[in-house]
Amino acid sequence: MVDVVKPEEMIKIDPTPPSTNWMDVPPDFSPGKFPYPSQAKSLEAVGFPNAREWSPADEDWKLPENWQQIIHEGFKERLDKYRSLKVFMDSCVRCGACADKCHFFIGTGDPKNMPVLRAELLRSIYRNDFTTIGKMLGKFAGARKLTPAVIKEWFSYFYQCTECRRCSVFCPYGIDTAEITMMARELLHLLGLSIHWIMDPVSNCNRTGNHLGIQPQNFKEIIEFFCEDIEEITGVTLNPSFNRKGAEVLFITPSGDAFADPGTYSFMGYLMLFEHIGLDYTLSTYASEGGNFGLFTSSEMMKRLNAKMYREAERLGVKWILGGECGHMWRVINQYMGTMNGPANFLEAPVSPITGTKFENARDTKMVHIAEFTADLIKNNKLNLDPSRNDHLKVTYHDSCNPARGMGMLDEPRFVLENVCNNFHDMPESTIRENTFCCGSGSGLNTEEIMDLRLRGGLPRANAVKYVHEKHGVNMLSCVCAIDRAVLPPLMDYWVPGVDVCGLHELVGNALVMEGEIEREMDLRMEDLPGKEGDSDE
Amino acid sequence: MGLITLIEEKRSKIVKEWFKLTIKTYPKEKSDFFKKKKDSMANPVGNTLSKSLEDILKGLTDDVENNEMAKILDPSVRLRAVQEFAPSSAVSYIFFLKNVIRDILKKDLTKEIEKELLIFESKIDRVSLIAFDIYMGCREQIFTYKANHVKERTLKLLEKADLLCEVPEVGAEIIPHNVYLNGGFDDK
C-alpha cells in the first residue's frame, strides 16, 4: 500500500484542546443549540421588563442601555435578600465532588456543565463586583468583568441546567446549584432574556390558570371525556364536581395530565380512585394547574402563580388540598409555598377521611401528595387491588428529581407500585432515590428545538433504564412527574426502544377493583388486558 | 498463523488503541472524563464506546451477517449521532480500526497476512457503510420527534379554535368541519 492516509487525517479532526482559559471560550449559538427566546408579548403580559423581539443567534442582543447597572443592582439585591446565595457564592472550595454528577456533564462532557464551573460563571462576576480580593486581583482571583459575552454564556449554560439538584447531594457544603441557576435566570429576566417554552406557559397560567391556556369549559369537557372512557372500560359512571363550595378536599394536578398522553391515563386513575373511596373532593377550573413555570423565571412570578392554590382553597372553603403527580410543583409546594403564600390558617392539617391518618408532614402547607395519600390507603387495606391486571408490564420507577430530592418522597411510590403490579425492578442504586438522574428536560427545557441536547442530558437516565430492560425485561418506566411523562417517551424511543412511560396512578387505576364494575377487558389505554385479546372489539 | 488468530491474540491491545483514537475525536476536556470513569452508570458515554468497539471487532472476526453487525454497531453510532459531530466525524471511528490493526500487526505482515488484511479491511469498509445507515436512521428519528411536536401543537391549536371534528364513518380520525358538509359534495 502506498501513502495510506490515516483516517484521522482524512476527516481533519483536531484533537488538541483549545488553549484558552474557560472564560474565553464563547458559547455556541448555532441553530439547535439554544431554546427559542420568549416573545415580547408574553413578557409584557406579566409585566416583565425589557420585553423585545431578539434571538440568541443574533450578534446584538439589544440589551437595555444600562444593562450592567441592572445586573449589578439585581445581584446586590439578591445577595442582601438571600443569605443562601451569598453563602453559595463564598463557600465553594472547588473540591470537585459535584463535577461529574451532572447528567448534562455526563452526557456532553462539556466542562461548563460541571456544576462547579456553571456556578463559577456567576461567581466570577460576584468576585469582581462584590469582593475586595476580586476587585484587586481580577482574573488572578477568578474574577472577571461583566461583558455582553458573559451574559451570552449565562444564557447558554443556565439553560443547560435542569435545576435537578443531583450535584448538591454530593456537595460537602450543601451548595444548591439549582438555586444558583434560579438566581442567574432571575438576573437574565431583568434584561428581558427569557425562553419561549417557559414564558408562554407562565403568561398562559397568569391569564387562564394553567400553562396550556385551557379555558374552564374546555377543562371541564376534557374531564368529562375521561369519565366517558372510564365508563366504557369499567362500567362505572363518575360525576366529578367542579368549583364546588364546601367540598372537603380540593384536588390540583398539572394540566399536562389533562392534556397529554400518557398523563391523561393517570388523571383517569385519580378520578377512579376518588370515586372508589368516596372522597368528597372537587376540581377547580381556576386553580387548574399544579405546575409552576414561574419557578423558572423569578421568585415573584412563582409566588404569583402559586397563590391561586390557597386562594381557591379559601374561596371554596375546603379543608385541605390534595396534589397530583408533578415534579417541580412539589418543590414549590414543599419548600416555598408555606412561607411564600402562607400561612394558610383557613385550612386544616390534612387528615385522610378514609383512614384517619394525619399527614403531619403536610401540617404547614396543608397539601398532600397523592402518592402518600394512596400509599396510606393501601397500607390500611382500603383498596381492593388486582395487580395481575398489570402482569403484562415489567415496571421500573424513575424518581422524579423534585419529589425525590426536593421533598424526600422515596418509599411511598415504591410501596404503591409493589401493591399494584407483580413485576417491579429498581434501577441500579447510584441512579435512583436521592441519586436519581434527571430526565434531561426539566425546568422548562422540554422544548423540541434542543432535542439533541435533551437526548444527551437524558442519557444517564436512559442508560440505567437500559440496564433493567436488558436484565429484567423491563418494558414500563413509571414516574410521578408531568414533564417526565412528556419527555421520557422520546428519550426511551431513542435510547431504549421497547420501554413505554406511565404515571403511577395509571397503574393504580388498572389494578383498582371498583365497586359495581364490569369485568375488565381493557386497560386505561383501551388496550386489551392480557388474556382478553380480541374481546374488547365486540 | 492466520490474520484472525493474530487479531485474537492482540485483541485487547487493538481495542485499547482503537478506543484511544476514538476518544481523541472529542475535545480533550471531554475525553478526559469519558476515558477515566469505569462505572457504566456514572460514565455511559465512555463505557458504551469501549464495549461497542470490543463488540464490533468481535463481530468482524466472527464474520457476522449485516443485520447482526447493525445491532452491534447501534449503541456507539446512536451515541455519536447526538454528540454534535459532523456526519463524517460521527462515523469516522470505524476507519480507525484499519490503522490500529496495521500498526499493531506491523511485524507480522507477511504477504499472506497482507492479502487477508486487505479483505478484512474491505469488511471494515462495509461496517462503515452500515454505520452510516444507522447514523441517518438516528438523525431521522430525532427530526421525527421535532416534527411530531409541531404537528401535535398545530392539531391542538386547530382543536382549540374548534376547526376540527371527528368523522369516524369516513375513516379519518380528525378532519376540518367543512370538508364533509353535505357528504363532502358541496363547497358551501
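The values are calculated or read from the model by the stated rules, or taken from the named source; none is laboratory data. Note that the coordinates shown come from a computational prediction; the quantities given were computed from them, not determined experimentally. Cβ atoms come from the backbone with ideal geometry, glycine included; neighbour counts cover every protein chain shown. Remember, those area values only see protein heavy atoms, side chains included, never the ligands or the DNA or RNA. Shrake-Rupley method; radii C 1.70, N 1.55, O 1.52, S 1.80 Å.
Ignoring ligands, DNA and RNA, please state the percent of accessible area on the protein assembly as shown from carbon and sulfur, probe 1.4 Å. Don't skip to the end; give the middle numbers.
Values: 15680 of 30420 Å².
Its accessible area is 52 percent carbon and sulfur atoms.
Chain pair B, A: how much accessible area is buried, both chains summed, with a 1.4 Å probe, in Å² to 100?
3700
Tilt of helix A:482-495 relative to the longest C-alpha principal axis of chain A, in degrees (0 to 90, nearest 10)?
Rounded to the nearest ten degrees, it is 70.
Within the stretch A:448-478, which residues have the backbone N less than 18 Å from the label spot 7 Å out from residue A:196 along Cα→beta-carbon, could you tell me?
Label zone hits: A:448-454.
Springs between alpha-carbon atoms under 10 Å, Gaussian network over chain B: tell me which of B:135, B:26, B:145 tops the mean-square fluctuations.
Looking only at B:135, B:26, B:145, the largest GNM fluctuation is found for B:145.
For chain A, with the dipole built from +1 on Lys and Arg beta-carbon atoms and -1 on Asp and Glu ones, taken about the Cα centre, which of A:264, A:370, A:155 lies farthest toward the positive end?
The Cα lying farthest towards the positive end belongs to A:155.
Once each part is reduced to its C-alpha centroid, what is the distance from the stretch A:415-490 to the stretch A:95-119 in angstrom?
A separation of 20 Å, based on Cα centres.
Looking at the stretch A:375-430, which trypsin sites (Lys or Arg not before Pro) are in a loop (DSSP not H, G, I, E or B) and have at most 15 other Cβ atoms within 10 Å?
A:382
Could you please tell me the mean projected area of the C-alpha convex hull for the stretch A:427-507, averaged over all directions and given in square nanometres to one decimal? Present the calculation step by step, with values, prior to reporting the outcome.
Details: hull surface 20.5 nm².
Directional mean of the projected Cα hull area for the stretch A:427-507 stands at 5.1 nm².
Per residue Cα convex hull volume for the stretch A:22-194, in cubic angstrom?
119
Along the Cα-to-C-beta direction of residue A:386, a point sits 7 Å from the Cα; which residues of the stretch A:409-439 have their amide N less than 17 Å from that point?
A:419-423
What residues have an amide H closer than 5 Å to that of residue A:501, excluding those fewer than 5 places away on the same chain, when H is modeled at 1.01 Å from N in the peptide plane?
The answer is A:477.
If you fit an axis through the alpha-carbon atoms of helix A:370-379 and take the longest principal axis of the Cα set of chain A, what angle between them do you get, 0 to 90°, nearest 10?
40
Starting from the eigenvalues of the Cα gyration tensor, five times each then square-rooted, give me the equivalent ellipsoid semi-axes of the stretch A:194-353, largest first, whole Å.
Details: eigenvalues 125, 77, 31 Å².
Square roots of five times the eigenvalues give 25, 20, 13 Å.
Could you state the principal axis extents of the C-alpha atoms in the protein assembly as shown, from the largest down, to the nearest angstrom?
Per principal axis, max minus min of the Cα coordinates gives 90, 75, 62 Å.
Estimate the FRET efficiency between residue B:63 and residue B:89 by the formula 1/(1 + (r/R0)^6), using the beta-carbon distance for r and 30 Å for R0, to the nearest 0.05.
On the way: r = 28 Å, r/R0 = 0.92.
Efficiency, from the Cβ-Cβ distance: 0.60.
Amide H to amide H, which residues 5 or more places from residue A:424 or on other chains are under 5 Å from it, using H placed in the peptide plane?
Here the answer is A:395, since their amide H atoms fall under 5 Å of that of residue A:424.
Viscosity 0.692 mPa s, temperature 37 °C: Stokes-Einstein D of the stretch A:202-511 from its Kirkwood Cα radius, in µm² per second?
D = 170 µm²/s.
Taking the Cβ-Cβ separation of residue A:132 and residue A:429 as r and a Förster radius of 51 Å, what is the calculated FRET efficiency to the nearest 0.05?
Details: r = 45 Å, r/R0 = 0.89.
Computed FRET efficiency for residue A:132 and residue A:429 comes out at 0.65.
Given N residues in chain B, what is its alpha carbon radius of gyration divided by 2.2 N^0.38 Å? Before the final figure, lay out each step's value.
Values: Rg = 25.0 Å, N = 188, 2.2 N^0.38 = 16.1 Å.
Against the compact-globule rule of thumb, the ratio is 1.56.
Give the whole-number value, in cubic angstrom per residue, of the convex hull volume spanned by the C-alpha atoms of the stretch A:111-257.
Residue-normalised Cα hull volume stands at 202 Å³.
Calculate the FRET efficiency for residue B:161 and residue B:119 from the Cβ-Cβ distance with a Förster distance of 51 Å, rounded to the nearest 0.05.
E(calc), rounded to 0.05, equals 0.20.
To test your reading of the geometry: what angle, between 0 and 90 degrees and rounded to tens, separates the Cα axis of helix A:148-158 from the longest principal axis of chain A?
Between helix and principal axis, roughly 30 degrees.
Count the DSSP beta bridges whose two residues both fall in chain A, then state the antiparallel fraction as a percent rounded to the nearest 5.
Rounded to the nearest five, the antiparallel share is 15 percent.
Please compute the per residue accessible area over chain A with all protein chains in place, 1.4 Å probe, rounded to a whole number of Å². Intermediate results must be reported in sequence, preceding the final value.
Values: 19980 Å² over 538 residues.
On a per-residue basis, chain A sits at 37 Å².
What percentage of all Cα-Cα pairs in the stretch B:40-119 are separated by more than 16 Å? Kindly include the intermediate steps, with their values, before the conclusion.
Values: 1900 of 3160 pairs.
The answer is 60 percent, as a whole percent.
Using only C-alpha atoms and all pairs of different ones, pull out the Kirkwood radius for the stretch A:114-201 in Å with one decimal.
About 13.8 Å, per the Kirkwood formula over Cα pairs.
Which peptide among A:189-200, A:332-343 comes first, and what is the full order, when sorted by highest mean count of other Cβ atoms within 10 Å?
A:189-200, A:332-343
What average number of partner chain Cβ atoms lie no more than 10 Å from the Cβ of the residues making up A:104-114?
Across A:104-114, the average partner-chain Cβ count within 10 Å equals 4.
Please state the shape class of the stretch A:289-380: rounded when a/c is under 1.5, otherwise prolate if a/b exceeds b/c and oblate if not, all from the C-alpha gyration tensor. Before the final figure, lay out each step's value.
Details: a/c = 2.27, a/b = 1.56, b/c = 1.46.
Verdict is prolate for the stretch A:289-380.
For the pair residue A:515/residue A:314, report the inter-label distance in nm, with labels modelled 7 Å from Cα in the Cβ direction.
Inter-label distance under the simple model: 3.6 nm.
From other protein chains only, count the Cβ atoms within 10 Å of every residue's Cβ in A:454-463, then give the mean.
Mean inter-chain Cβ contacts per residue within 10 Å come to 4.
Say each of residue A:248 and residue B:150 gets a label point 7 Å from the Cα, pointing the same way as Cα to Cβ; how far apart are those two points in nm?
According to this spin-label approximation, the distance is 5.1 nm.
How far apart, in nanometres, would the label points at residue B:108 and residue A:221 be if each is projected 7 angstrom from Cα along the Cα-to-Cβ direction?
7.2
Per residue of B:38-51, count partner chain C-beta atoms within 10 Å of its C-beta, then hand back the mean as an integer. Before the final figure, lay out the partial values.
Numbers: counts 0, 2, 5, 12, 8, 5, 13, 8, 2, 1, 4, 0, 0, 0.
Mean shielding by partner chains, rounded to a whole number: 4.
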